[in-house]
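What follows is a single structure, written as structure tokens, with notes after it.
The values are calculated or read from the model by the stated rules, or taken from the named source; none is laboratory data. Keep in mind the model is a prediction, meaning the values are calculated, not measured. Quick reminder, even Gly has a Cβ in these numbers, built from the backbone with ideal geometry, and neighbours come from all protein chains shown. Only protein heavy atoms, including side chains, enter the accessible area calculation; ligands, DNA and RNA are left aside. Shrake-Rupley method; radii C 1.70, N 1.55, O 1.52, S 1.80 Å.
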Amino acid sequence: MNLETLTTQIDDVFFLIGAAILLIEIAEMIFKGDFKAKTFGEMLASASTQIPYLLVETFVLTGAYGLYWIISQGLPWAIPVTWWSVILVIVLADITYYWEHRIAHEVRLLWTQHAVHHSSRDMNIITGIRFGPLEGVWSLIAHIPLALMGFAPEAIVFGVIAVLAYQTWLHTELIGKLGPVEYVMNTPSHHRVHHGCDDKYLDKNYGGIFIIWDRIWGTFQIEEETPRYGLTRDFDSQNPIKVWFSEWPDLIRDIARSKSIREAFSTLIRPPGWEPKK
């Protein structure tokens, strides 16, 4: 089984799906007169995040493959690359993604990266490629358990990319609810909830491919009214530098104000919005 070819094919398929949805989104906005300079600026800001992200990701993926290979060499067991193991690694990568994603919302240091993805007030396909520069580093660490289980490095990388590629089509308002599919699979409706900054939508629907993990672990929320997208705080910039590093100024300020090393450490590892007791 040539996983490298399969990985490229999956990436290409979801790229074409995303491109088709984007063209329809743009056509609809032009037809309705909603395609304004700010909308275009927001798209450019989202696309700009790919510059630092891809520069770092090249090294991260290389490092991940190398690290997983080193781990595999020290194990007395190995899971062969077969159809059943590839399906299993996708499921396990999706479970890993759920927790990787959830923890990125709950640990402020990690949130500095993932907040970039949530900082747009728009919901379209381009929002799906809006990433923090160092998000891949946390993903590399989160998938180490799969290497310890004995999965081949190429299988792990395939699982990670499959989970991310699937989510390409989720970032849109064009597609409504999809009936029974909604119970098991992650859909645009579920992911719109995840991007909502309304109180009832906060920190919900972390799933990648499957939404059942949210149902199991108590973080599921159905889409009711249309969410308000973006961060809970007032952030509406299209400046690429501000988008890439939106959370760092406040984090640095809060650490500088810390009265002890313990308080500074808590600022890093506790959820966004945490404050020490007065």
Exercise. Just a yes or no: is a residue in the range 213-232 within 20 Å of the chain's Cα centre (by Cα), closer than 20 Å to Arg121 by Cβ and open to solvent by 70 Å² or more (accessible area, probe 1.4 Å)?
Worked result: yes
For this session: Go through the range 169-189 residue by residue and tally those that are within 19 Å of Ile10 (Cβ to Cβ) and open to solvent by 40 Å² or more (accessible area, probe 1.4 Å).
Result: 2
Exercise. Got a sec? Which of Ser85, Ser120 is farther than 19 Å from Thr172 by Cβ and not β-branched (Val, Ile, Thr)?
Worked result: Ser85
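For (1) within 16 Å of Trp138 (Cα to Cα); (2) among the acidic types (Asp, Glu), each residue gets a yes or a no:
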| site | (1), (2) |
| --- | --- |
| Asn2 | no, no |
| Thr5 | no, no |
| Ile21 | no, no |
| Met43 | no, no |
| Trp77 | no, no |
| Glu106 | yes, yes |
| Leu109 | yes, no |
Exercise. Does the range 48-60 include one or more residues that are without any contact (Cβ under 8 Å) to a residue 24 or more places away in the chain and small (Gly, Ala, Ser)?
Worked result: no
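If we only count helices (runs of 4 or more DSSP H) wholly inside the range 151-221, which ones have 3 or more residues that are of a type outside the set (Val, Ile, Thr) and at pLDDT below 95? Working first, answer last.
On the way: elements: 153-166, 181-184, 188-194, 212-216.
Helices (runs of 4 or more DSSP H) meeting the threshold: 153-166.
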Problem set entry | Of all residues in the range 233-263 being of a type in the set (Phe, Trp, Tyr) and part of a helix (DSSP H, G or I), the one that is surrounded by the most Cβ atoms within 10 Å (Cβ to Cβ) | Trp244
Problem set entry | Number of the condition not met by Leu146 [criteria: (1) more than 23 Å from Ile222 (Cβ to Cβ); (2) assigned to a helix (DSSP H, G or I); (3) under 12 Å from the mean Cα position of the chain (by Cα)] | (3)
Problem set entry | Unique residue being open to solvent by less than 10 Å² (accessible area, probe 1.4 Å) and touching a Phe, Trp or Tyr at 6+ places or on another chain (Cβ under 8 Å) when the list is Val193, Val157 | Val193
